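All remarks here apply to the structure that follows.
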Amino acid sequence: MTMNSGEPISKPDLYVLARVIKTLKEKNKMNKTALATATGLSYDRLVKYLDWMAQKGFVEFDSSGDVVLTKLGAETYDQLVKWILQHIGKVRFQKLT
Amino acid sequence: MTEENLSSKMTEFMTALDQVKAYRELVSAMADFVIIIVASVAALLTANIVVNLLDVFYGYGFVTPGNSGSLPFFNFLILFFGVIIGVLWVRQKLSSVRIGEWKNILNEGTPGAIKLLQETNWEKIFSDIRSAKLGFALYGAVKILAYWLVATFLFIVLSSFMGNTIHLSFDPISLTVIPLILVLILSVKDLRYRYEQVGRLDSLLWELRWFDNEFRRADFQA
């Protein structure tokens with residue numbers, strides 16, 4: 001499903017992706033306007049991201065047009081959390097007082 | 001491995017960076033500290049010149065009649081307050097460093113952690129750590145020098161008092177070396193602490209360099 005949203009996203013911002021997925025994880029499914037409000041994105045920008053995410057299989061749209069997080073989307077998010085933890089977890093921060 | 005783990009690890013990371021920021025401030029605060037000490041010494045010299053001139057023009061003992069020990073005591077007081085003001089100034093500057101600004105962002109959880117990592121200016125952090133190491137070590141040295149100066153003047157006051165009462169006098173070398181030894185003995189804990197902190201900053205630098213390298217190389221594939 002492709003939406004008419006102007007220039008497509010070539011390099012998505014991980015922060016925005018994580019916000020969208022996290023919100024969808026918490027709410028299960030949402031309409032685009034509510035999702036834009038919850039993530040603090042403009043509607044147009046959100047639509048661009050949703051377009052990109054739908055192409056990657058992270059989200060899909062139900063019959064009423066609401067955005068639903070796919071299993072792949074949820075797994076990708078968990079993978080991202082794991083990746084950051086794996087790397088930042090290896091850094092030993094000695095307490096500086 | 002949960003989002004809570006990530007938040008706590010990120011809190012540790014950002015707290016360490018905040019500490020580096022505060023130590024980094026030591027470099028500029030140290031310059032202020034040196035200026036305050038030099039100003040105290042200048043004030044002390046000016047006071048002595050004025051007293052000596054008044055003595056020349058109005059006769060010896062005009063300013064401090066009948067008390068030859070009071071001038072060294074006033075010298076000591078000027079330096080003592082100079083050092084106190086300097087140390088307080090440095091502390092005030094360190095406490096004015098804004099820390100914990102990342103807490104609200106990190107409250108967002110994983111997205112917040114990603115944002116913080118994305119916005120981290122690694123080169124600046126590495127440079128800050130290097131400056132922090134230098135500032136932290138130099139401030140310790142400058143502080144010991146200032147304490148030595150104060151201790152020397154205090155010792156001069158005491159030796160003048162002892163010379164008048166029990167006729168015990170010290171040669172000029174003892175008047176400077178004994179206070180230095182005392183100051184070094186009293187500062188051993190501080191010196192050890194500074195040595196250890198510089199080592200910790202060094203290892204933090206290497207750890208972050210490794211992380212930066214991994215973070216740059218990573219290509220998150222969906």
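Of note:
- Of the residues B:T110, B:V97, B:L184, the one whose Cα sits farthest towards the positive end of the charge dipole of chain B is B:L184 (charges of +1 on Lys and Arg Cβ, -1 on Asp and Glu Cβ, taken about the Cα centre).
- P(r) histogram, all alpha-carbon pairs of segment A:14-87 included - 10 Å bins from 0, percent: 20, 58, 19, 3, 0
- When the Gaussian network model of chain B links Cα atoms closer than 10 Å, the mean-square fluctuations of B:Y147, B:Y195, B:Y23 top out at B:Y195.
- Restricting the calculation to alpha carbons of segment B:34-162 gives Rg and Dmax of 23.9, 79 angstrom.
- Under-5 Å amide H pairs with A:V59, H placed in peptide plane, nonlocal only: A:A54, A:T70
- In a reduced charge model with +1 at each Lys and Arg Cβ and -1 at each Asp and Glu Cβ, chain A shows a dipole moment near 580 debye about its Cα centre.
- Rounded if a/c under 1.5, otherwise prolate or oblate - chain B, Cα gyration tensor axes: prolate
- Within the protein assembly as shown: Cβ-based charge dipole about Cα centre, in debye rounded to nearest 20 (Lys, Arg +1; Asp, Glu -1): 300
- Each part gets one Cα centre, and for segment B:125-171 versus segment A:63-84 those centres are 62 Å apart.
- With contributions of -39500 (n - 2.57) from each DSSP H run of at least four residues, the per-residue ellipticity at 222 nm computed over the protein assembly as shown stands at -26000 deg cm²/dmol.
- Rg to Rh, two decimals, where the protein assembly as shown supplies the alpha carbon set and Rh follows Kirkwood: 1.27
- Extending 7 Å from Cα along the Cβ direction at B:A43 and again at B:E101 yields two label points whose distance is 3.4 nm.
- Largest GNM mean-square fluctuation across A:V68, A:V47, A:V81, computed for chain A with C-alpha springs under 10 Å, falls on A:V81.
- Chain B: DSSP helices with Cα axial extent of at least 18 Å and average Kyte-Doolittle hydropathy no lower than 0.0: B:3-58, B:70-95, B:122-165, B:172-186
- Distance between the modelled labels on B:Y58 and A:K32, one decimal in nanometres: 8.9 nm (7 Å Cα→Cβ projection).
- Estimated dipole of chain B in Debye, rounded to 20 [Cβ of Lys and Arg +1, of Asp and Glu -1, Cα centre]: 200
- Between A:N31 and A:V67, the built amide H atoms are under 5 Å apart, and every one of these is 5 or more places off in sequence or on another chain.
- Choice from B:E25, B:E119, B:E12 showing the highest fluctuation, given a GNM over chain B with Cα pairs closer than 10 Å: B:E119
Bear in mind these aren't lab numbers, they're just calculated from the coordinates by the rules spelled out. No experiment lies behind these values; they were computed from the predicted model shown. Cβ coordinates were reconstructed from backbone atoms using ideal geometry, including for glycine residues, and neighbour counts include every protein chain displayed.
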